[in-house]
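The values are calculated or read from the model by the stated rules, or taken from the named source; none is laboratory data. Because the structure is a prediction, the values reported are computed rather than measured. Don't worry about glycine lacking a Cβ; one is built from the backbone with ideal geometry, like all the others, and counts go over all protein chains shown.
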Amino acid sequence: MEKNLYIDASHPDETRIVLKSKSNIEEYESENTNSLNIKSNIYLGKVSRVEPSLQAAFVNYGRERHGFLAFNDIQSDYYQIPTEDKKELQKTEEKIREDLKEKTEDNEIKTPESFKDDLNVNNNINERVGEDKNSNTNQSEKIREKLKNRYGVRKYRIQEVIKPGQVILVQV
């Protein structure tokens, strides 16, 4: 089957493309130069405003509109924090990686006997359900404190790590 491709670029603002087979048009596309596709492109942007109430930043990446960048979407490499904190953050990330690696190495294949042991543990848990709920909240607070002390993670806010005028790469 013979197929023909026709491209019409006679208008400076528009390009039209047609894929034709015998007497049928299989595909038709037109592209307007005024409406450029900017999705999935990476731009060098400059932080124009940091909005602490939204925990987000507005980034000027060269278009008529500014981009909205949530704090969770910002790579930690762009954080402007003291070098001591950066080193501590890197050590913490390394500890977490090592702990996860050890946990995956310690995992073993379950046998029917180990499932029976798990059932016995679950029965013991069900017997203790009626305990005081305050002890549960105290335990969860203790666990949070242990994790905080263990990893030394400090929570940052966007105004502490991103400054107006900072240049960053953004993907639209």
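Quick check on the stretch 23-50: of everything there that is at pLDDT below 85 and over 33 Å from the mean Cα position of the chain (by Cα), which residue is nearest to Leu69 (Cα to Cα)? Of everything passing the filter in the stretch 23-50, Ser30 is nearest to Leu69 (Cα to Cα).
Kindly indicate whether any position in the stretch 1-10 is outside any strand (DSSP E or B), modelled with pLDDT of 80 or more and surrounded by 10 or more Cβ atoms within 10 Å (Cβ to Cβ). Looking for residues that are outside any strand (DSSP E or B), modelled with pLDDT of 80 or more and surrounded by 10 or more Cβ atoms within 10 Å (Cβ to Cβ), one finds none in the stretch 1-10, hence no. Of the listed requirements (1) farther than 27 Å from Lys155 by Cα; (2) touching a Gly at 6+ places or on another chain (Cβ under 7 Å), Val59 misses just one: (1). Taking the criterion of being out of contact with any strand residue (DSSP E or B) (no Cβ under 9 Å at 6 or more places or on another chain), part of a strand (DSSP E or B) and under 30 Å from Arg63 (Cα atoms), the only residue of the stretch 11-26 that qualifies is His11.
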